[in-house]
There are 2 protein chains.
Amino acid sequence: MKKLDIQEELKKNGMKSTKHRVAILDILIKKDQPISAENIFFEIQKMDVAINLSTVYRNLEALLEKGLVTKLSLSGDSRSVFEYNRMVHRHYLICLGCKKILAIEDCPIKGYEHQIEDETEYQIVGHKLDLYGYCPKCKKK
Amino acid sequence: MKKLDIQEELKKNGMKSTKHRVAILDILIKKDQPISAENIFFEIQKMDVAINLSTVYRNLEALLEKGLVTKLSLSGDSRSVFEYNRMVHRHYLICLGCKKILAIEDCPIKGYEHQIEDETEYQIVGHKLDLYGYCPKCKKK
DNA sequence: CATGCAAATACAAATCATTTGCATGATTAT
DNA sequence: ATAATCATGCAAATGATTTGTATTTGCATG
């Protein structure tokens with residue numbers, strides 16, 4: 001997505017367009033995997049844009065509220081990771097060796113939610129499924 | 001489980017039996033739902049046993065290593081919760097209203113792990129599935 | 001293009017959950 | 001009982017995230 005499109009996207013959502021927001025979205029859109037606030041901070045600095053870590057957090061918070069990004073916390077890591085919200089239901093496959101995160105769009109839970117609704121009288125609004133294992137490279141060791 | 005059995009269980013796992021450890025396990029065994037370190041701390045104080053929060057953390061860590069308890073971090077909460085390890089594979093149903101956590105022993109993922117192994121060449125070692133929704137009480141509001 | 005207002009930013013300090021260092025106290029094998 | 005070992009309290013450190021506040025910026029308007 002081009003810089004102009006990102007600015008457009010921000011305004012469409014009632015947000016001011018700033019170089020920091022554009023940079024954050026740009027990074028998130030390009031990354032194929034979720035990334036932490038601190039890593040976003042580092043990436044932006046690599047682009048020779050000065051930014052403060054709290055600005056990263058505040059912007060992620062704002063983008064989150066507008067639904068432009070999603071936040072996820074994975075088992076065994078105390079920090080959250082963020083990704084551009086591609087509006088698809090996703091699950092994740094996390095490599096316990098190198099910590100790489102792979103997104104999976106396939107979802108095996110469809111009918112199960114209804115079954116649980118019937119069994120428990122709860123109203124289910126969503127679910128979170130993550131798989132843990134070892135990627136081909138880490139598997140060898 | 002009785003106090004004596006808990007002491008037995010601790011020794012069987014090569015741990016010294018202390019009043020704090022017994023109290024922690026006792027609380028965990030009685031609770032039907034996962035509980036945070038701080039809440040364990042409060043519960044122990046209610047039993048008129050003096051304890052420090054760092055002792056709770058250190059003991060949970062030790063019990064975790066011995067496999068006597070399990071730790072889980074749930075989406076949208078920055079603190080971890082713990083439960084007695086009943087040696088069953090479990091999923092959780094979290095009420096977004098009152099935050100109650102219900103354990104579900106049924107698991108719909110069985111075959112899916114193999115399918116993903118075939119598709120991705122990863123070696124899957126486990127998964128985490130949590131459902132989010134509203135319990136019968138909170139559903140009404 | 002100047003300008004004013006609301007929103008965004010930097011920076012430091014606060015917070016929250018969790019961990020650690022160290023001196024002291026309890027538990028267990030001998 | 002005694003020593004060796006491990007557990008504990010307390011305070012201070014840590015790491016991730018949030019917040020207060022003075023300053024700067026984006027952008028609608030004249």
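Where a number appears in this text, it was derived from the coordinates with a stated rule and is not lab data. Here the structure is a predicted model, which is why all the values come from computation and not from measurement. Backbone-built Cβ (ideal geometry, glycine too); neighbour counts: all protein chains shown.
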Taking a straight Cα-to-Cα line shorter than 12 Å from B:Lys128, and setting aside same-chain aspartates and glutamates fewer than 8 residues away, one finds A:Asp130, B:Glu113
Provide a whole-number value for the mean count of partner chain Cβ atoms within 10 Å of the Cβ atoms in peptide A:92-99.
2
Name the residue farthest towards the positive end of the dipole of the protein assembly as shown from the options B:Gly97, B:Ile27, B:Ala50, assuming +1 on Cβ of Lys and Arg, -1 on Cβ of Asp and Glu, about the Cα centre.
B:Ala50
Position A:Arg58, label points 7 Å along Cα→Cβ, spacing to each other copy in nm (shortest first, one decimal):
4.1
Cα gyration tensor category, rounded, prolate or oblate, for the stretch A:88-141 with a/c compared to 1.5:
prolate
So how strong a dipole does the stretch B:88-141 carry about its Cα centre when Lys and Arg Cβ are +1 and Asp and Glu Cβ are -1, to the nearest 20 debye?
940
Under a Cβ-Cβ limit of 4.7 Å, which cysteines in chain A have nobody to pair with?
A:Cys98, A:Cys107, A:Cys138
Name the residues whose placed amide hydrogens come within less than 5 Å of the amide hydrogen of A:Tyr134, ignoring near sequence neighbours (fewer than 5 apart) on the same chain.
A:Leu96, B:Gln123, B:Ile124, B:Val125
Compute, for chain B, the length of the dipole vector about the Cα centre, with Cβ point charges of +1 (Lys, Arg) and -1 (Asp, Glu) only. Units Debye, rounded to 20.
900
What is the antiparallel percent of DSSP beta bridges lying wholly in the protein assembly as shown, to the nearest 5?
80
Explain nothing, just the number: relative contact order of chain A, from Cα pairs under 8 Å at least 6 residues apart, as a whole percent.
18
Charged-residue dipole, Cβ positions (Lys, Arg, Asp, Glu), the protein assembly as shown about Cα centre, Debye nearest 20:
840
Which listed pairs, of A:Lys30/A:Lys139; A:Lys99/A:Lys140; B:Lys19/B:Lys46, have C-alpha distances above 19 Å, in listed order:
A:Lys30/A:Lys139
Which distances, shortest first and in nm, link B:Lys2 to the matching position in the other copies, using label points set 7 Å out along Cα to C-beta?
7.9
Using all C-alpha to C-alpha distances in the protein assembly as shown, build P(r) with 5 Å bins and read off the rounded percent in each one.
1, 5, 10, 12, 14, 14, 14, 12, 9, 5, 3, 1, 1, 0
Can you give the mean number of other chain Cβ atoms that lie within 10 Å of the Cβ atoms in peptide A:129-137?
6
Using only DSSP helix segments of four residues or longer, with each worth -39500 (n - 2.57), what per-residue ellipticity at 222 nm results for chain B after dividing by its residue count and rounding to 500?
-12500 deg cm²/dmol
For the stretch B:1-77 and the stretch B:109-140, write down the distance between their C-alpha centroids in whole Å.
28
Gyration tensor verdict on chain A (Cα atoms; rounded if a/c is under 1.5, prolate if a/b is larger than b/c, oblate otherwise)
oblate
How crowded by other chains is B:117-124, given as the mean number of beta carbons from other chains within 10 Å of each beta carbon?
5
